[in-house]
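The values are calculated or read from the model by the stated rules, or taken from the named source; none is laboratory data. It should be emphasised that the depicted structure is a prediction, and the values quoted were computed from it without experimental measurement. Cβ coordinates were reconstructed from backbone atoms using ideal geometry, including for glycine residues, and neighbour counts include every protein chain displayed.
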Amino acid sequence: MTTKTTVSVAELITRLATDPIFPTVEELFAFSDLTRMEETEVRENWMTIPEDRRHQVVEELTQASESELSLHLGRLLRVALNDESSRIRALAISGLWEEIDESLIGPLVDKLYNDPAEEVRAAAASMLGAYVLAGELDEIEPAQAMRVEEALLSILHSEVEPLTVQCRALESLAYSGEMGVRQLIEDAYYSPYEEMRVSALEAMARSADIRWREAAQAELISPEAAMRAAAARAVGELENRNALPDIFDLLADEEKDVRLAAIFALGRLGGKDAVEVLTAAATSEDPEEAAAAEDALEDTLFFGGENDIPLFDETDVEWDETEDDEW
């Protein structure tokens, strides 16, 4: 599928502003790979388009970009980043997942600190996790990575920031190799708030720290569905094959989100039994569970095989609490 259409950017904007018939997804591809001149044209006329249509444009294009890799929405989403609507700003931030560009750090940090909408600040906190990871992989300048981590840390320690934003900040910080992250995750795990405890499990999954395996496994039998689902994802990401029997049990969980998380975990854990169970799950009458099982079967080709390369140093299990100085 081509990402260029015969519709010009100017024509598309006019149609979105005035034509009662909404353009096709293919016609919206005119917003892909904008030139600087086209970006200026969109920026100057974006607000002439009704809000619901602006939202639909961003939503349909970001969804299409997940399968249509030739779509390049960076310049369009930079325009939408400053939309008057908070839901559009949040959606634009989420859509920037493929744009790991240092020039976006400033705008994202600004949104994290200053946007009046909680959903936008939460989206910015979540998106900045990609930059924490990029810093760990030496894909961005160390000073920029430090700027991101300091911003997220200040949000996590804020006494006035809503819990949801702090949860997204913790999950993003989990990608950091800083020793103090362990203590942040532990503090969150013992939080009185379930939402923060769930985020602690999500952070464990992202930390690549096998010292969290036992804690994650213990939560597979939590009375709270959100905790069981997060724990299953963590068990999978941390490749805790000792938890396979518990994961198999979760396939019969009453909550769909938990079943889906268990299917994901089996894809990461792999093995003959997991493949057999996933093959059966792929014939489920529930289309979402069947699709998840198909994806998990593909994952077993890369994770959990007898000849796979271990992602973790299984000998690195001692936890010296003196290493965890306050960050």
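Yes/no matrix, rows are residues, columns are (1) under 17 Å from the mean Cα position of the chain (by Cα); (2) farther than 22 Å from residue 76 by Cβ:
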| residue | (1), (2) |
| --- | --- |
| 99 | yes, no |
| 102 | no, no |
| 107 | no, no |
| 114 | no, yes |
| 120 | yes, no |
| 125 | yes, yes |
| 131 | yes, no |
| 137 | no, yes |
| 140 | no, yes |
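The residue list 200, 218, 252 contains one member that is at pLDDT 95 or above and in the same structural domain as residue 163 (by TED's automatic domain parsing), which is 200.
Counting only helices (runs of 4 or more DSSP H) wholly contained in segment 114-216, the ones carrying 2 or more residues that are among the acidic types (Asp, Glu) and within 22 Å of residue 235 (Cα to Cα) occupy 180-189, 194-207.
For every residue, the table says whether it meets (1) assigned by TED's automatic domain parsing to the domain that holds residue 161; (2) in a helix (DSSP H, G or I); (3) within 30 Å of residue 150 (Cβ to Cβ).
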site	(1), (2), (3)
23	no, no, no
64	no, yes, no
83	no, no, yes
87	no, yes, yes
104	yes, yes, yes
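Might you let me know whether segment 211-231 holds any residue that is in contact with a Phe, Trp or Tyr (Cβ under 8 Å, 6 or more places away or on another chain) and surrounded by fewer than 18 Cβ atoms within 10 Å (Cβ to Cβ)? Within segment 211-231 (the criterion being in contact with a Phe, Trp or Tyr (Cβ under 8 Å, 6 or more places away or on another chain) and surrounded by fewer than 18 Cβ atoms within 10 Å (Cβ to Cβ)), the answer is yes, since at least one residue qualifies. The residues in segment 40-57 that are in contact (Cβ under 8 Å) with a residue 12 or more places away in the chain and either buried (at least 19 other Cβ atoms within 10 Å of the Cβ) or farther than 16 Å from residue 16 by Cα (or both) can be counted, and the count is 5. In this structure, residue 165 does satisfy being assigned by TED's automatic domain parsing to the domain that holds residue 113, under 18 Å from the mean Cα position of the chain (by Cα) and touching a residue at least 24 places away in the same chain (Cβ under 8 Å). Restricting 278, 297 to those that are free of Cβ contacts under 8 Å to residues at least 24 places away in the same chain and crowded, with 17+ Cβ neighbours inside 10 Å reduces the list to 278. Just one of the listed residues (130, 117, 174) is on the phi < 0 side of the Ramachandran plot, surrounded by 23 or more Cβ atoms within 10 Å (Cβ to Cβ) and among the aliphatic types (A, V, I, L, M), namely 174.
Of all residues assigned to segment 242-259, none qualifies as being in contact with a helix residue (DSSP H, G or I) (Cβ under 6 Å, 6 or more places away or on another chain), farther than 15 Å from residue 298 by Cα and among the polar types (S, T, N, Q).
Take the conditions surrounded by fewer than 19 Cβ atoms within 10 Å (Cβ to Cβ), more than 30 Å from residue 137 (Cβ to Cβ) and either β-branched (Val, Ile, Thr) or under 22 Å from the mean Cα position of the chain (by Cα) (or both) and apply them to residue 258. Does it pass? Against the criterion (surrounded by fewer than 19 Cβ atoms within 10 Å (Cβ to Cβ), more than 30 Å from residue 137 (Cβ to Cβ) and either β-branched (Val, Ile, Thr) or under 22 Å from the mean Cα position of the chain (by Cα) (or both)), residue 258 does not qualify. From the list 102, 68, 98, 60, the one residue that fits, being more than 18 Å from residue 32 (Cα to Cα) and in contact (Cβ under 8 Å) with a residue 12 or more places away in the chain, is 102.
If you filter segment 186-205 down to residues that are of a type in the set (A, V, I, L, M, F, W, C) and more than 16 Å from the chain's Cα centre (by Cα), you find that the one that is surrounded by the fewest Cβ atoms within 10 Å (Cβ to Cβ) is 196.
When 76, 69 are checked against the criterion of being over 27 Å from residue 149 (Cβ atoms), surrounded by fewer than 23 Cβ atoms within 10 Å (Cβ to Cβ), in contact with a helix residue (DSSP H, G or I) (Cβ under 9 Å, 6 or more places away or on another chain) and not assigned by TED's automatic domain parsing to the domain that holds residue 162, a single residue qualifies: 69.
The test for being farther than 16 Å from residue 29 by Cβ and either in contact (Cβ under 8 Å) with a residue 60 or more places away in the chain or in contact with a helix residue (DSSP H, G or I) (Cβ under 8 Å, 6 or more places away or on another chain) (or both) holds for residue 89.
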